[in-house]
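The values are calculated or read from the model by the stated rules, or taken from the named source; none is laboratory data. Keep in mind the model is a prediction, meaning the values are calculated, not measured. Cβ atoms come from the backbone with ideal geometry, glycine included; neighbour counts cover every protein chain shown.
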Amino acid sequence: MSDSLVIKKVRAIEWKRVLISFLGVTGMGFFVSILVNCNLGTDPCTFMNRSISSKIGMSFGNWQLIINIFMFAIVLLFNRKLIGFGTLFNMVLVGYYVDFFNWVWGKTIPATVLTAPVSRWSIFLVALLCFMVCASVYINADTGVAPYDGIPIILTDKITGKFPKVPKTLIRICWDALAIVIGIIFGGIPIIGIILMALFLGPLITLVGKVLHPKKS
């Protein structure tokens with residue numbers, strides 16, 4: 001096989017991963033908007049940013065972009081290898097997708113559909129599962145991590161480098177806990193969705209990774 005053909009195949013694989021990452025981020029924004037309207041809990045990052053944006057009177061998309069730019073600068077400074085197309089997709093698009101789809105639901109779906117007890121829980125559980133699958137697809141595309149996820153990776157490298165006995169999962173748990181505490185300070189109320197996300201997102205990421213990369217499993 002010629003070198004040019006190998007290069008073309010590698011580039012095709014790279015762009016396929018970028019497309020998968022983009023679709024994963026689009027799905028994340030879509031399903032987060034449903035979770036927000038069901039009001040039964042989201043991931044810690046969304047919970048924190050929604051709480052802050054509501055408190056300061058700024059749109060969720062604008063605030064999320066601002067905080068993402070700040071965290072992106074930290075990741076860029078300490079470990080730019082974590083940055084890729086997926087990083088940009090996540091930091092720019094998710095918040096605005098949520099704002100857009102919230103506007104769509106407000107124009108097309110009666111509010112009772114997402115607030116009535118039976119339909120609310122049914123839609124919430126389906127949307128939560130779909131969000132976690134989309135997040136898993138995005139992460140396993142391996143085109144860069146979200147700024148929010150990049151910081152605990154950097155912290156883990158720094159902390160375990162000096163204190164090897166510190167569990168890596170503990171650092172991530174503390175990071176998410178900090179986001180939840182900040183959200184509470186700004187008036188948010190953590191609900192069951194955050195707990196379900198913490199319990200099942202990790203295993204789903206692993207499962208989706210085995211589907212997308214069977215040779216690695």
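Restricting the search to region 39-63, which residues are more than 16 Å from the chain's Cα centre (by Cα) and at pLDDT 90 or above?
Selection gives Ser51, Ile52, Ser53, Ser54, Lys55, Ile56, Gly57, Met58, Ser59, Asn62.
Identify the residue in region 89-113 that is within 15 Å of Asn39 (Cα to Cα) and β-branched (Val, Ile, Thr) and, among all such residues, is surrounded by the fewest Cβ atoms within 10 Å (Cβ to Cβ).
For region 89-113, the residue satisfying everything is Thr112.
Restricting region 114-150 to residues that are part of a helix (DSSP H, G or I) and out of contact with any helix residue (DSSP H, G or I) (no Cβ under 7 Å at 6 or more places or on another chain), which is surrounded by the most Cβ atoms within 10 Å (Cβ to Cβ)?
By that ranking, first place goes to Asp149.
Residues that are crowded, with 23+ Cβ neighbours inside 10 Å and either touching a Lys or Arg at 6+ places or on another chain (Cβ under 8 Å) or farther than 18 Å from Asp176 by Cα (or both): does region 41-56 have at least one?
Looking for residues that are crowded, with 23+ Cβ neighbours inside 10 Å and either touching a Lys or Arg at 6+ places or on another chain (Cβ under 8 Å) or farther than 18 Å from Asp176 by Cα (or both), one finds at least one in region 41-56, hence yes.
Give region 81-138 a look and list any residue that's among the β-branched types (Val, Ile, Thr) and closer than 16 Å to Cys45 by Cα, or say none.
Those that are among the β-branched types (Val, Ile, Thr) and closer than 16 Å to Cys45 by Cα: Thr87, Val92, Val94, Val98.
Here are Ala135, Ala177, Ala141: which of them is farther than 22 Å from Phe30 by Cβ and under 17 Å from the mean Cα position of the chain (by Cα)?
Answer to the check: Ala177.
Looking at this structure, is Phe30 surrounded by fewer than 21 Cβ atoms within 10 Å (Cβ to Cβ) and of a type in the set (Phe, Trp, Tyr)?
yes
Any chance region 189-197 includes a residue that's surrounded by fewer than 16 Cβ atoms within 10 Å (Cβ to Cβ) and closer than 26 Å to Arg17 by Cα?
Within region 189-197, none of the residues are surrounded by fewer than 16 Cβ atoms within 10 Å (Cβ to Cβ) and closer than 26 Å to Arg17 by Cα.
Give the residue, chosen from Phe124, Phe78, Phe72, Phe47, that is over 21 Å from Leu155 (Cβ atoms) and in contact (Cβ under 8 Å) with a residue 40 or more places away in the chain.
Phe124
Of the residues in region 15-27, how many are buried (at least 16 other Cβ atoms within 10 Å of the Cβ) and among the hydrophobic types (A, V, I, L, M, F, W, C)?
Selection size over region 15-27: 4.
Those residues that are of a type in the set (Gly, Ala, Ser) and modelled with pLDDT under 85, I need them from region 157-216; list them, please.
Passing the criteria: Gly193, Ala198, Gly202, Gly209.
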